[in-house]
Amino acid sequence: MTSGSISGALFRLGWPVTLSFFLYTSFVIIDSIWIGRLGSDALAASGPAQFASWSIYAIGEIIGIGATAIIARRIGAGEMRDAGLTLVQGCWMVVLAGMFLAGGGTILARTLYGHLGTSEIVNALGVRYLSILCYGAVFQFAGIFLESVLRSAGDMRTPLFITAGALALNAILDPVLMFGWWGAPALGIAGAAIATVGSQALLVVVYLLYFRTGRATVPVLPRAEWKFDSYISRRIIQVGMPASAITFLFTIVYLFLTRFLAEFGTLPVAILGVGNRLEAITYLFGHGLSIATSTMVGQNLGAGKPDRAERTAWYASAIAGGFGLGVTTLFLAAPEWTFSWFSSDPDVVAGGAVFLRILAICQVFMGVEVVIYGAFSGAGDTIPPTLISTSLNLARIPLAWFVGIDLGYGVLGIWWMISISCIARGVLLSLWFRRNKWKDKII
């Protein structure tokens, strides 16, 4: 990672993690397709729950991103014991965060749906779905963290195989538990949540067994050194918090947008949830590539090669932008066909096609934005880009209200504010990255 061909190293690191996130995208989409078979109310209920689950993911990202940056830098500098100590502290943080969220999951779900303005049926389904996800959050946190640790050490293939197995199980359990196949109870939307939690639990067990074999690059320290260290934990939070704030604020913004769209009925709420899952194709491809970029940037900075780190970031952003162009083509050429996989309701399909055409124009910028942010994360310089991304994300709330409701452009106005703000983020983050201040960050 610190010598030889950048494109070759990026490919070796990038294809397994990118394929992993393609799998994540596929199974998120499959979940939505099965939930869509339960009706438009279930589809509308799963949208806010999915947005809220990104908040859960954001908590895990604090630990995962922070540990990834620190471990990659320590490995690049040859400080393996310090990398192992970071692993220990991440495990402590995962358990504590999971216990906290499990205790307040139902309260969180009821409070959320009580303020969205959606129908009572949608609220009841959403609370049931989200509560189960909260109860199993510790498995999601652990999976994110252990996966990040392996990838920070350059092991991209092991997480790919483990993730593929867990997601395959999720795809099988979804219809079995939702519709009562093979003698199982028909649990409806709760079955989808149970399938997700069960698959994540299996994933964590496999990761732990792998670390126990001693084949992981990051050393597992003796039990005597498994003590809570407040200094390392604070460093993980300091590095990871700004980056995860983007994911958390994304959730807040989309829940506000859901509240605005509820003014126009259940239909646009359902469309927003499906549209977000579809644009995740670009986001998760870019996110997978950004993890490879983050690892290479961190290790090259640790090895004293900042120029190589910069070239890596621009090369990866070009790949992500090219992929986003392909998604743009799909959204423009076949929006009705794409949306019809999620609903047979002609009104949902027609409205969703309009949304996809508007989303199409920002996909290139989304891919570039995500990869450039990964480069900032690898350098440990997460505060400036976080301020850019969060300010533009938060601007969606007043802009959507002003254009969609005050000016009377309705749902179309809200769709356009989503797309335009995404373009602005990609442009501004790229310009900030060119200033090269991140090369001097010390962590």
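The values are calculated or read from the model by the stated rules, or taken from the named source; none is laboratory data. The model shown is predicted, which means the values in this text are computed figures rather than measured ones. Quick reminder, even Gly has a Cβ in these numbers, built from the backbone with ideal geometry, and neighbours come from all protein chains shown.
Observations on the model:
- Criterion (within 19 Å of Ile65 (Cβ to Cβ) and touching a residue at least 24 places away in the same chain (Cβ under 8 Å)) met by exactly one of Gly188, Gly143, Gly165, Gly198: Gly143
- Scanning the stretch 233-268 for residues that are within 18 Å of Gly90 (Cβ to Cβ) and out of contact with any Gly (no Cβ under 9 Å at 6 or more places or on another chain), we see that the one that is modelled with the highest pLDDT is Arg234.
- Filter pass, Ala102 being under 13 Å from Ser244 (Cα atoms) and surrounded by fewer than 24 Cβ atoms within 10 Å (Cβ to Cβ): no
- Taking (1) free of Cβ contacts under 8 Å to residues at least 12 places away in the same chain; (2) touching a Pro at 6+ places or on another chain (Cβ under 8 Å) in turn, Trp337 satisfies each apart from (2).
- Scanning the stretch 325-356 for residues that are under 18 Å from Val427 (Cβ atoms) and at pLDDT below 95 turns up nothing.
- Check on Leu272, farther than 17 Å from Ala83 by Cβ, touching a residue at least 24 places away in the same chain (Cβ under 8 Å), surrounded by fewer than 16 Cβ atoms within 10 Å (Cβ to Cβ) and out of contact with any strand residue (DSSP E or B) (no Cβ under 7 Å at 6 or more places or on another chain): no
- Unmet criterion (only one of (1) buried (at least 20 other Cβ atoms within 10 Å of the Cβ); (2) within 11 Å of Ile132 (Cβ to Cβ)) for Leu187: (1)
- Candidate set from the stretch 157-216 (those that are more than 23 Å from Trp54 (Cα to Cα) and aromatic (Phe, Trp, Tyr)); member that is farthest from the chain's Cα centre (by Cα): Trp182
- Where helices (runs of 4 or more DSSP H) fall entirely within the stretch 263-363, those with at least 1 residues that are closer than 27 Å to Glu61 by Cα are at 266-302, 306-333, 346-360.
- Residue in the stretch 386-400 that is nearest to Gly302 (Cα to Cα), counting only those that are surrounded by 18 or more Cβ atoms within 10 Å (Cβ to Cβ) and free of Cβ contacts under 8 Å to residues at least 60 places away in the same chain: Ile388
- Scanning the stretch 113-137 for residues that are surrounded by fewer than 21 Cβ atoms within 10 Å (Cβ to Cβ) and within 21 Å of the chain's Cα centre (by Cα) returns Ser131, Tyr135.
- Test: residue in the stretch 223-232 that is part of a helix (DSSP H, G or I), modelled with pLDDT of 85 or more and not polar (S, T, N, Q): no
- Any hit, the stretch 150-170, residues being over 30 Å from Ser294 (Cα atoms), among the acidic types (Asp, Glu) and surrounded by 17 or more Cβ atoms within 10 Å (Cβ to Cβ): no
- Of the residues making up the stretch 280-307, those that are surrounded by 21 or more Cβ atoms within 10 Å (Cβ to Cβ) and more than 22 Å from Gly240 (Cα to Cα) are Ile281, Thr282.
- In the condition set (1) in contact (Cβ under 8 Å) with a residue 40 or more places away in the chain; (2) within 30 Å of Ser152 (Cβ to Cβ); (3) surrounded by fewer than 16 Cβ atoms within 10 Å (Cβ to Cβ); (4) not charged (D, E, K, R), Gly426 is compliant with all but (3).
Condition check ((1) hydrophobic (A, V, I, L, M, F, W, C); (2) touching a Pro at 6+ places or on another chain (Cβ under 8 Å); (3) surrounded by fewer than 23 Cβ atoms within 10 Å (Cβ to Cβ)) across all residues:
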position	(1), (2), (3)
Arg357	no, yes, yes
Gly378	no, no, no
Phe402	yes, no, yes
Asp406	no, no, yes
Tyr409	no, no, yes
Trp415	yes, no, no
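- Residue under evaluation Gly154, criteria (1) within 29 Å of Trp15 (Cα to Cα); (2) part of a helix (DSSP H, G or I), criterion not met: (2)
- Residue within the stretch 406-418 that is aromatic (Phe, Trp, Tyr), touching a residue at least 40 places away in the same chain (Cβ under 8 Å), part of a helix (DSSP H, G or I) and touching a Cys at 6+ places or on another chain (Cβ under 8 Å) present: no
- Within the stretch 8-63, the set of residues being among the β-branched types (Val, Ile, Thr), under 29 Å from Arg157 (Cα atoms) and surrounded by 19 or more Cβ atoms within 10 Å (Cβ to Cβ) comprises Val17, Thr18, Thr25, Val28, Ile56, Ile59, Ile62, Ile63.
- Subset of the stretch 102-136 that is in contact with a helix residue (DSSP H, G or I) (Cβ under 6 Å, 6 or more places away or on another chain) and β-branched (Val, Ile, Thr) - its residue that is farthest from Trp34 (Cα to Cα): Thr106
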